[in-house]
Amino acid sequence: MCGIVGGIAQRNVTPLLLEGLKRLEYRGYDSAGIAILTEEGELQRERSKGKVVKLEEAIRHSGLKGNLGIGHTRWATHGKPATRNAHPHICRDAVAVVHNGIIENHEALHREQLKAGHKFTSDTDTEVIVHALYDELQTGINLLTAVQNTAAKLTGAYALGVIHKGSPGELVAVRSGSPLVIGIGIGEHFIASDVFALLPVTSRFIFLEEGDVARLSCDGVEIYDANGIAVERRIKESTVAAERTHLGEYRHYMQKEIFEQPSAAIDTLEGRITTGRVIAGSFGMAAPELFSKVRRVQIVACGTSFHAGLVARYWMEQLAGIPCQVEIASEFRYRELVVEDDTLFVTLSQSGETADTLAALRKAGELGYLSTLTICNVSESSLVRESKLSLLTHAGPEIGVASTKAFTTQLIALLLLVVAIARHHKMSLEDEKQIVAQLRNIPAVMEQLLGLDQQIALLAEHFIDKHHALFLGRGSHYPIAMEGALKLKEISYIHAEAYPAGELKHGPLALIDEDMPVVAVAPGNELFEKLKSNLEEVRARGGELFLFAGPGVSIAESGRIHRITLPETDALTAPILYTLPLQMLSYHVAVLKGTDVDQPRNLAKSVTVE
């Protein structure tokens with residue numbers, strides 16, 4: 001979703017803001033802009049539709065520079081992608097604002113401000129904020145108080161960065177429902193939507209709490225909570241190195257992140273298993289005792305994380321023998337819920353800021369769940385801070401919009417969770433030791449799978465002129481087929497759908513013809529014979545079949561069956577491993593079709609608004 005960056009320093013902040021915006025490009029956006037308070041005390045702005053490089057070119061011609069400024073990458077919600085709708089928004093050359101989120105009461109504010117004589121130059125909900133700020137400042141109050149008063153009038157989710165012509169020594173920021181961090185420097189301070197934007201200038205960060213308002217100057221940072229009371233927030237040292245967000249030898253971030261999965265798996269397992277056992281305390285000090293009380297599990301997530309949850313349901317019910325429900329967060333939060341006793345509420349998210357998942361967690365806090373636990377990739381995120389228990393995936397920065405290593409590390413973390421709970425139910429010590437051995441083997445098998453990259457690249461050529469694709473799987477591999485279809489559609493723009501293979505005769509078989517490629521996930525497990533009959537139905541109707549199969553799988557080959565033989569895998573961990581070839585397939589198809597692999601159209605990395 002949209003990205004914010006801002007800074008106040010004793011040097012020109014324009015290049016710093018531009019670099020920050022480039023580092024926020026992965027979030028998805030359609031326009032960008034920067035507002036600067038110049039050395040002459042004037043508020044000046046450059047905006048452009050499209051990529052940050054176009055904004056950079058405009059600034060190179062205008063010479064925009066100053067020691068105080070804010071910047072933004074916009075992902076359109078209210079108002080189509082256009083320069084006039086790009087942030088920052090300015091009122092009467094006096095005050096400028098950048099905004100992430102949605103102002104739900106903007107229409108009422110818009111009507112009031114029109115009556116008061118304000119002129120609107122955009123179609124956005126954000127513009128009501130800057131007009132409200134201007135009106136507050138006209139009463140003679142300082143910028144901090146004006147921002148606090150304005151925030152009290154807003155309904156919705158927002159993070160704000162504000163600068164004012166009459167306040168050349170300060171930058172004010174607000175966090176309410178959308179993430180915002182403060183970067184701590186020496187004689188300079190910054191704001192951004194996430195730490196990645198600021199890694200070139202600092203490794204020390206303050207993560208604002210819900211409702212916080214912060215005043216930044218060169219001398220320091222003041223923070224006030226939602227009640228206007230001055231508070232101290234802990235400074236945290238980021239362990240993310242700036243170079244980890246660089247492409248290096250890779251053509252795209254998605255490709256880089258696919259190939260980082262063996263090391264991400266190692267990092268996720270490190271310190272969580274020992275002497276053949278899962279360390280339940282990895283989830284929090286209270287976890288070992290709490291897990292003994294769990295009698296059922298509710299998983300809530302969105303998108304790719306939802307698919308990970310679906311795999312975990314198979315594991316939980318197979319290994320622990322307890323019920324597990326999985327639901328999309330946006331549906332969960334808007335229905336009447338029945339909470340059964342001793343239910344553990346689990347959320348999954350790469351960013352930890354997904355709006356629907358966060359709202360579901362907050363709703364769960366009111367409903368009497370046994371406890372809440374999140375599996376997340378960002379240690380300072382809202383989900384981690386607001387859940388009672390947590391496990392970090394340690395996938396490292398994931399820049400590509402299409403999630404890869406975050407998904408596979410979520411699956412690893414979920415299997416750790418299942419084992420930690422299952423030992424209190426039907427799992428024996430010997431079973432646990434066997435699963436831990438399988439977990440340890442995952443990075444090595446991942447390395448073998450990545451060695452198939454060129455074979456899969458050749459396979460991708462068959463998809464260049466296709467407009468539709470069908471993915472099939474059975475059991476715990478049905479969610480993996482769903483994930484494969486999602487990856488293909490989001491980065492190559494091929495319409496792809498996944499079905500349980502047994503559902504073919506209930507409708508999807510009508511779609512099969514020579515122009516409909518069918519991708520099947522076919523490990524040699526106990527369900528293969530059932531899957532094999534489904535594949536024969538596809539072949540009998542002239543369908544072209546692309547089979548990702550284990551070494552023990554036998555099927556009569558022909559010119560319209562394309563097979564990639566995968567290394568031997570354990571049945572339990574196979575869903576994690578069979579994900580990689582599907583990621584590689586979608587990546588190579590997208591490259592051949594010439595799409596924007598890392599920033600596919602209309603999509604954002606982190607969905608921080610509904």
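Quick notes on this one:
- Selection over region 588-606 of residues that are open to solvent by 10 Å² or more (accessible area, probe 1.4 Å) and assigned to a helix (DSSP H, G or I) gives a count of 4.
- For ASP225, the conditions (1) touching a strand residue (DSSP E or B) at 6+ places or on another chain (Cβ under 6 Å); (2) at pLDDT 90 or above; (3) more than 25 Å from LEU198 (Cα to Cα) are fulfilled apart from (3).
This table checks each residue for (1) among the β-branched types (Val, Ile, Thr); (2) more than 16 Å from THR404 (Cα to Cα); (3) at pLDDT 75 or above.
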position	(1), (2), (3)
PHE528	no, yes, no
LYS532	no, yes, no
ARG539	no, yes, no
GLY542	no, yes, no
PHE546	no, yes, yes
HIS588	no, no, yes
ALA604	no, no, no
GLU610	no, yes, no
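- The residue list LEU55, LEU109, LEU68, LEU137 contains one member that is open to solvent by less than 50 Å² (accessible area, probe 1.4 Å), farther than 26 Å from LEU21 by Cα and in contact with a strand residue (DSSP E or B) (Cβ under 7 Å, 6 or more places away or on another chain), which is LEU137.
- Of the strands (runs of 3 or more DSSP E) lying entirely inside region 28-91, the ones with 1 or more residues being within 17 Å of ALA197 (Cβ to Cβ) are found at 31-37, 68-74.
- Members of region 64-120 found to be polar (S, T, N, Q), over 30 Å from the mean Cα position of the chain (by Cα) and closer than 25 Å to PRO179 by Cα, listed by number: ASN67
- Just one of the listed residues (GLU483, GLU461) is acidic (Asp, Glu) and within 21 Å of GLY309 (Cα to Cα), and it is GLU483.
- Candidates are the residues of region 346-364 that are in contact with a strand residue (DSSP E or B) (Cβ under 7 Å, 6 or more places away or on another chain) and not hydrophobic (A, V, I, L, M, F, W, C); the one that is surrounded by the most Cβ atoms within 10 Å (Cβ to Cβ) is SER349.
- Cross-chain or 6+ apart pairs with Cβ under 8 Å, region 103-118 first and outside any helix (DSSP H, G or I), then β-branched (Val, Ile, Thr): ILE103/THR126; ILE103/VAL128; ILE103/ILE129; ILE103/THR155; GLU104/THR155; ASN105/THR155
- One residue from THR155, THR121 being within 18 Å of ARG47 (Cα to Cα) and either open to solvent by 40 Å² or more (accessible area, probe 1.4 Å) or modelled with pLDDT of 95 or more (or both): THR121
- When the residues of region 448-484 are filtered to those that are closer than 17 Å to VAL597 by Cβ and among the aliphatic types (A, V, I, L, M), the one that is surrounded by the fewest Cβ atoms within 10 Å (Cβ to Cβ) is ILE464.
- Contact map, region 421-446: residues that are surrounded by fewer than 19 Cβ atoms within 10 Å (Cβ to Cβ) paired with residues that are of a type in the set (S, T, N, Q), Cβ distance under 6 Å, separation 6+ or inter-chain. Pairs shown: HIS424/SER292; GLN438/THR573.
The values are calculated or read from the model by the stated rules, or taken from the named source; none is laboratory data. Because the structure is predicted, anything quoted here is derived from the model rather than measured. Note: ideal-geometry Cβ built from the backbone for every residue, glycine included; neighbour counts use all protein chains shown. Ligands, DNA and RNA are excluded from the accessible area calculation, which covers all protein heavy atoms including side chains. Shrake-Rupley method; radii C 1.70, N 1.55, O 1.52, S 1.80 Å.
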